[in-house]
Amino acid sequence: MGLIILVVTGALLGWLGTIALKIEDGRAILRNVLAGIAGSLVVGIATSGGVFLGAIRGSTLLWAVLGAVVAIGLYNFVRQRAVR
């Protein structure tokens, strides 16, 4: 159950990031969602001690949210630098 929560949280944050950044390109939206999922999973698994198939703690979820936000921010920063 924890794994599903981390994936959904990361996907929602990626989608909300595209809304906040006013991104209309479908590929960029998908990439933001994937960056959010990756950040959420990496940090969520690291902070849960590797136990992510059972219940998830509130602190783990908060760290996963932070990880997703950082991953989305880094992805968009790198993408904007590559465009210029």
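Over segment 1-43, what is the relative contact order in percent, taking alpha-carbon pairs closer than 8 angstrom and at least six residues apart? Don't skip to the end; give the middle numbers.
Values: 44 pairs, mean separation 23.3, N = 43.
Result for segment 1-43 is 54 percent.
Please get the size of the charge dipole for the chain, origin at its Cα centre, with Cβ charges of +1 on Lys and Arg and -1 on Asp and Glu, quoted in debye to the nearest 20. List each step's numbers first, then the result.
Working: 7 positive and 2 negative charges, 50 e Å.
My answer is approximately 240 debye.
What's the angle, to the nearest 10 degrees (0 to 90), between helix 26-47's Cα axis and the longest principal axis of the chain?
30
Please compute the per residue accessible area over the chain with all protein chains in place, 1.4 Å probe, rounded to a whole number of Å².
Values: 5380 Å² over 84 residues.
Solvent-accessible surface per residue comes out at 64 Å².
Contour minus end-to-end for ARG84 and ARG27, with contour as 0.36 nm per residue of separation and end-to-end as the Cα-Cα distance? Each step should come with its number before you reach the end.
Numbers: separation 57, 0.36 × 57 = 20.52 nm, distance 1.86 nm.
The span from ARG84 to ARG27 would gain 18.7 nm if fully extended.
The values are calculated or read from the model by the stated rules, or taken from the named source; none is laboratory data. Since the model is a prediction, treat every value here as computed from it, not as a measurement. Neighbour counts are summed over all protein chains in view; Cβ atoms, including those assigned to glycine, are modelled from backbone coordinates with ideal geometry. To get the accessible areas, we keep the full protein, side chains included, count just its heavy atoms, and leave off ligands, DNA and RNA. Shrake-Rupley method; radii C 1.70, N 1.55, O 1.52, S 1.80 Å.
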